[in-house]
Amino acid sequence: MSNKTILVTGGAGYIGSHLVNKLLAKGYEVKVMDNLIYGDEGLRSFLNRPNLQFIRGDIRHIEDLVEAMAGAYAVIDLAAIVGEPACELDHNATLTINYEATKALIEIAKYCKVKRFIFASTCSAYGRSSFILSEKVKLKPLSLYAESKAKSEEVVLNNSGNKLMPTILRLSTIYGVSPRMRFDLVVNILAVKAITEGKIKIYGGKQWRPNLHVQDAAEAFIRCLEAPKDRINREIFNAGTNSQNYQIRELGKIVQKCIPQTKIEYIEENPDKRNYRVCFDKIEKVLGFKGIKTIEDGILEIRDIVTKGTIKNYKEDKYYNVKYLYK
């Protein structure tokens, strides 16, 4: 059991809802700050837990941040506009939320004497490469989303001071079922289309992506939170597992294997130029982290929530950041 207070910004989100649940189960006092732009489904099942404090707030508002960080031992920063399409809708909003707010978060964390700051970045910031990419490789973001995360990494590492210990987690492409469900992620959308329509489309297909189950992503943050300070202070970790680097066409084949009779249509044209295969040796060796769940697990989870009627219409706006954010 721990009486340390952990603030999770964006804690009602896709990863955040799993992370908050895990922290509560481990006995932490948890604060969640979220503006609930996607609703409260991510937190609804444990909002009344005695060791959870919910603050409806916005990371762009200084007064909300000061209230949320008061007494916090650590901040896990998940709040952001996530994904290339959503970020392209409003460049000013993206830079304000994904970059400018990070600067405020760091300064207020120092003011409030927070000890640890764990920042959610993205492997998408690697852009395009034919090599297997370690944390030492220079970032080459190809989108505003990736660029905003790369710039925020610099802020977190270069402005944290001497007493605040920063850690960067560059997340793989996440998949799997969450209370705040998303279908704008490659495994999730391929799976639900195969289940409901019996066919999927693969654009290009040769491009590489690292993948990680949403529950394992939440666990990666906890590993950072609980690791000795000399292992995480000012460190960057690719968050994923080596066995789940796949080309998109391979993901299509896995979906077809899990959902028999699925037809695959291959489309040569591919507007997405990103291509990155990532090395996860560091997080495994330093933090002992390795993803447990597989792509197959994620696909079968989605099959279950669709067949049981938990998800009645996967095309609803709330399952897509780009549709729901500015509607």
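Which condition breaks for residue 243 when tested against (1) more than 27 Å from residue 19 (Cα to Cα); (2) surrounded by fewer than 16 Cβ atoms within 10 Å (Cβ to Cβ)?
Condition (1) is where residue 243 drops out.
So which helices (runs of 4 or more DSSP H) are wholly in region 194-301 and hold at least 2 residues that are without any contact (Cβ under 8 Å) to a residue 40 or more places away in the chain?
Counting at least 2 such residues, we get 248-258.
Taking region 182-208, which residues are hydroxyl-bearing (Ser, Thr, Tyr) and at pLDDT 95 or above?
Selection gives 196 alone.
What pairs come up if the first residue lies in region 305-327 and is under 13 Å from residue 196 (Cβ atoms), the second is among the polar types (S, T, N, Q) and modelled with pLDDT of 90 or more, and their beta carbons are under 9 Å apart, counting only those six or more places apart or on different chains?
306/196; 314/188; 314/196; 319/188; 319/313
Yes/no matrix, rows are residues, columns are (1) part of a helix (DSSP H, G or I); (2) surrounded by fewer than 18 Cβ atoms within 10 Å (Cβ to Cβ):
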| position | (1), (2) |
| --- | --- |
| 97 | yes, no |
| 106 | yes, no |
| 124 | yes, no |
| 132 | no, yes |
| 141 | no, no |
| 145 | yes, no |
| 150 | yes, no |
| 157 | yes, yes |
| 167 | no, no |
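Please specify each residue of region 204-222 satisfying the condition of being of a type in the set (Gly, Ala, Ser) and more than 12 Å from residue 186 (Cβ to Cβ).
If the condition is that a residue be of a type in the set (Gly, Ala, Ser) and more than 12 Å from residue 186 (Cβ to Cβ), then 217, 218, 220 are the ones that fit.
Would you be able to say whether some residue in region 302-316 is open to solvent by 60 Å² or more (accessible area, probe 1.4 Å), in contact with a strand residue (DSSP E or B) (Cβ under 7 Å, 6 or more places away or on another chain), at pLDDT below 95 and under 20 Å from residue 82 (Cβ atoms)?
Checked against the condition, which is being open to solvent by 60 Å² or more (accessible area, probe 1.4 Å), in contact with a strand residue (DSSP E or B) (Cβ under 7 Å, 6 or more places away or on another chain), at pLDDT below 95 and under 20 Å from residue 82 (Cβ atoms), region 302-316 yields no hits at all.
Condition first: over 23 Å from residue 220 (Cβ atoms) and not basic (Lys, Arg). Can you find one or more residues in region 138-145 that meet it?
Yes: one or more hits.
The values are calculated or read from the model by the stated rules, or taken from the named source; none is laboratory data. Note that the structure is predicted; figures quoted are calculated from it, not measured. Glycine gets a Cβ as well: all are built from the backbone with ideal geometry, and neighbour counts include every protein chain shown. Please note that ligands, DNA and RNA were not included when accessible areas were found on the heavy atoms of the full protein model with its side chains. Shrake-Rupley method; radii C 1.70, N 1.55, O 1.52, S 1.80 Å.
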